[in-house]
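A quick write-up on the structure given underneath.
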Amino acid sequence: MTDLKSSRLIVAKGCMFLAIVVLASYLVLSELPRARIAVLLAVLIWASARFYYFLFYMLERYVDPQLRYAGIWALLREILRRKDI
């Protein structure tokens, strides 16, 4: 599979992810309409975004610039293979 290079498709993919987040949040909050659940859901979304940023920017930029991987599973395989990170 090749890398996605079309700006329109990249934006469309981002919009689809946003739609998934909004729909899933709505469905969770419609099942359990409580302020505590809304706050926990917001923290979960925020922490997930920060973790993604850490995995795909901070590791490559500041930990090891030679570290290249296509996804989380590829990163785990690389870490297990190298054991020096």
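Any residue at all in the stretch 45-60 that's more than 18 Å from the chain's Cα centre (by Cα) and in a helix (DSSP H, G or I)?
Taking the stretch 45-60 as the starting set, the residues that turn out to be more than 18 Å from the chain's Cα centre (by Cα) are none.
No, because not a single residue in the stretch 45-60 is more than 18 Å from the chain's Cα centre (by Cα) and in a helix (DSSP H, G or I).
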Condition check for L4: surrounded by 10 or more Cβ atoms within 10 Å (Cβ to Cβ), modelled with pLDDT under 95, among the aliphatic types (A, V, I, L, M) and not assigned by TED's automatic domain parsing to the domain that holds L75: yes
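Based on what the data block shows, is A38 under 16 Å from the mean Cα position of the chain (by Cα), of a type in the set (G, A, S), surrounded by 10 or more Cβ atoms within 10 Å (Cβ to Cβ) and outside the structural domain of A70 (by TED's automatic domain parsing)?
Working: under 16 Å from the mean Cα position of the chain (by Cα): no; of a type in the set (G, A, S): yes; surrounded by 10 or more Cβ atoms within 10 Å (Cβ to Cβ): yes; outside the structural domain of A70 (by TED's automatic domain parsing): yes.
Taking the combined requirement at face value, the residue does not satisfy it.
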Test: residue in the stretch 16-29 that is hydroxyl-bearing (S, T, Y) and either surrounded by 11 or more Cβ atoms within 10 Å (Cβ to Cβ) or closer than 29 Å to Y69 by Cβ (or both): yes
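Could you tell me how many of the residues in the stretch 70-81 are surrounded by 14 or more Cβ atoms within 10 Å (Cβ to Cβ) and either under 14 Å from the mean Cα position of the chain (by Cα) or in contact (Cβ under 8 Å) with a residue 24 or more places away in the chain (or both)? Steps first, answer last, please.
Taking the stretch 70-81 and keeping what is surrounded by 14 or more Cβ atoms within 10 Å (Cβ to Cβ), we get 75, 78-79.
With either under 14 Å from the mean Cα position of the chain (by Cα) or in contact (Cβ under 8 Å) with a residue 24 or more places away in the chain (or both) added as a condition, the list becomes 75.
Residues meeting the conditions: 1.
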Residue match in the stretch 3-14 (condition: part of a helix (DSSP H, G or I), of a type in the set (S, T, N, Q) and more than 26 Å from G71 (Cα to Cα)): no
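The values are calculated or read from the model by the stated rules, or taken from the named source; none is laboratory data. From a predicted model like this one, the values you see are computed outputs, not experimental measurements. A quick note on method: Cβ atoms are made from the backbone with ideal geometry, for glycine too, and the neighbour counts reach across all protein chains shown.
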